[in-house]
Amino acid sequence: MDESIRHLYQEGDVNFSEGRGEWYSQLNPQTLEWLSRDAAVFLHQSLSTPCLNVIESCEGIYLTDINGKRYMDFHGNSVHQVGYRNSYVTDRLKAQLDILPFSPRRYTNKVAIELAEKLVSLLPASLNRVLFAPGGTSAVGMALKLARRITGKQKVVSVQGSFHGASLDAIAVGGEEQFRKYMGQLYPETIFIPQADRYRNGPDQELQFAELLDEVLTRNEDAGAFIAETIRNTDVQIPSKPYWEKIREVCDRHQVLLILDEIPIAFGRMGTLFAFEQYGIVPDILCLGKGLGAGAFPIAAIITKEEYNIAGDISLGHYTHEKSPMGAAAALAMIDYTIDQHLIEKVQADESFIRKELTIFKDEFPMIGDIRGKGLLWAVELVKDPLTKERAVEEAEAVLYYCLKHGLSFKVSQGNVLQLCPPLIITREQITDALLIIRGALQSVQS
Ligand SMILES: Cc1ncc(COP(=O)(O)O)c(C=O)c1O
């Protein structure tokens, strides 16, 4: 290994690998210099240290690095539905910046009220009470506090391996070891049930996972809430309608609140404005974030029912940037753009196209164990052997770096799942170009 870059990858996680080493060795000295400065000044943490590259600008579906190389961004931390620097958004933000960039918390402001009203107007009538926060993790924290206040119960049921944010309260209900390691005792006390994974466990087993919730709640009368992503973002787990109907029924029967975390997947990505619409269920508390701020400003929200507007004597959030006029302006612009430009209909058409193309890939490349997706969120799962389903981790990494070198950026999840999450504004031509790069990568790895 080149000694000049050794210090860039000292963390014991996915960022430490031969593939990453080779990636650094082809970056130019100017980029390596910036990466070194980054690594020298920021606290190191897994997943984001060391960084992959240094970016200069973004536009539409593209990130551009400091050497002018462009990447189609099929990751975007799930904030980039309407594309980067969308003028619908930036014009509204520039105007807002000139009038009211910040709103002290004891006051309210028109744009925040308009956003809350807009969200309520788009949701089922029973979801009509809103609270904003500066980020998704904080929204999850507010949801957990509200659930305790409503039910008087502290235990929560969650799904193994799930992620709901990085703070102590959010990791208590998140199952990712990387976030929980060394953290000692976590509150709320959480009971984890397995993820209903249709690829590994088979579609027929799915309802058994929902029945597990019933068993757990029967044994734990002190559990007040069940929290889950409607569709799991990281490795794209898409439950069936009967699964969610059963979960809703179980929660109702046990008088347990259903908290749905749609922070990465709401606002059209799944082919509907909100994912839960596809399951004919309504959550008791809905968490939104990420793309709500249109890839420009951090803003998140919880939305719940009138009957749960009972916490007036405590502070659920009380965040300095609670009713952020900039966040609200970005969110309103994002929603208007999504609706005015008929993005949801477009996403539905893109889903059919991608499904068809990836199905052809699956026939062509035996290393693809599974393809799954909805709207514009897709997973291509690579396996060493379709029978054993052993994860093809090195192969997935090789595919990733091939794609990065050819101008396509995405995330590998669970070691072997290529997660494809493009902006919703992507054109059919751009989708085709991206799929061609992935095909080239699969060919190069398979040969
Ligand atoms: C499902 C889910 N919930 C919560 C969060 C936390 O959101 P934030 O990073 O804005 O705090 C994330 C972030 O990745 C997420 O994917």
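The values are calculated or read from the model by the stated rules, or taken from the named source; none is laboratory data. These numbers were taken from a predicted model, which means no experiment stands behind them. Glycine gets a Cβ as well: all are built from the backbone with ideal geometry, and neighbour counts include every protein chain shown.
For the stretch 15-39, filtered to residues that are among the aromatic types (Phe, Trp, Tyr) and assigned to a helix (DSSP H, G or I), the residue that is nearest to Ile55 (Cα to Cα) is Trp34.
Among the residues of the stretch 169-184, just one is hydrophobic (A, V, I, L, M, F, W, C), surrounded by 15 or more Cβ atoms within 10 Å (Cβ to Cβ) and modelled with pLDDT under 95, namely Phe179.
The residue of the stretch 124-138 that is surrounded by the fewest Cβ atoms within 10 Å (Cβ to Cβ), among those that are touching a residue at least 24 places away in the same chain (Cβ under 8 Å) and within 16 Å of Glu307 (Cα to Cα), is Ser126. For the residues Arg219, Arg248, Arg253, Arg269, the requirement of being at pLDDT 95 or above and within 16 Å of the ligand (Cβ to nearest atom) singles out Arg269. Restricted to helices (runs of 4 or more DSSP H) entirely inside the stretch 303-417, those with at least 3 residues that are within 20 Å of Arg198 (Cα to Cα) are 343-364.
Which of the residues spanning the stretch 342-375 are over 30 Å from Glu22 (Cβ atoms) and of a type in the set (A, V, I, L, M, F, W, C)? Once the filter is applied, which keeps residues that are over 30 Å from Glu22 (Cβ atoms) and of a type in the set (A, V, I, L, M, F, W, C), the stretch 342-375 yields Leu343, Ile344, Val347, Ala349, Phe353.
Based on this model, can you work out whether Gly60 counts as assigned by TED's automatic domain parsing to the domain that holds Ile431, touching a residue at least 60 places away in the same chain (Cβ under 8 Å), under 21 Å from the mean Cα position of the chain (by Cα) and more than 18 Å from Lys411 (Cα to Cα)? In short, yes. Within the stretch 410-434, being polar (S, T, N, Q), closer than 13 Å to Phe74 by Cβ and crowded, with 19+ Cβ neighbours inside 10 Å holds for one residue alone: Gln419.
Residues that are surrounded by 15 or more Cβ atoms within 10 Å (Cβ to Cβ) and either within 16 Å of the ligand (Cβ to nearest atom) or closer than 21 Å to Ser48 by Cβ (or both) do not occur anywhere in the stretch 105-118. Between Asn28, Asn86, Asn77, the distinction of being under 29 Å from Lys346 (Cα atoms) and loosely packed, with under 13 Cβ neighbours inside 10 Å belongs to Asn77 only.
Scanning the stretch 186-230 for residues that are β-branched (Val, Ile, Thr) and free of Cβ contacts under 8 Å to residues at least 60 places away in the same chain yields Thr190, Ile191, Ile193, Val216, Thr218, Thr230.
Say whether the condition of being outside the structural domain of Lys118 (by TED's automatic domain parsing), modelled with pLDDT under 95, touching a strand residue (DSSP E or B) at 6+ places or on another chain (Cβ under 9 Å) and surrounded by fewer than 16 Cβ atoms within 10 Å (Cβ to Cβ) is met by at least one residue in the stretch 375-385. Yes, some residue in the stretch 375-385 is outside the structural domain of Lys118 (by TED's automatic domain parsing), modelled with pLDDT under 95, touching a strand residue (DSSP E or B) at 6+ places or on another chain (Cβ under 9 Å) and surrounded by fewer than 16 Cβ atoms within 10 Å (Cβ to Cβ).
Residue-level analysis places Pro298 among those that are modelled with pLDDT of 95 or more and over 20 Å from Asp252 (Cα atoms).
Condition check ((1) closer than 24 Å to Ser324 by Cβ; (2) more than 15 Å from the ligand (Cβ to nearest atom); (3) touching a residue at least 60 places away in the same chain (Cβ under 8 Å)) across all residues:
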{"residue": "Val140", "(1), (2), (3)": "yes, no, yes"}
{"residue": "Leu144", "(1), (2), (3)": "yes, no, yes"}
{"residue": "Arg148", "(1), (2), (3)": "no, yes, yes"}
{"residue": "Gly152", "(1), (2), (3)": "no, yes, yes"}
{"residue": "Val159", "(1), (2), (3)": "no, no, yes"}
{"residue": "Ser162", "(1), (2), (3)": "no, no, yes"}
{"residue": "Ala166", "(1), (2), (3)": "yes, no, no"}
{"residue": "Ala172", "(1), (2), (3)": "no, no, no"}
{"residue": "Tyr182", "(1), (2), (3)": "no, yes, no"}
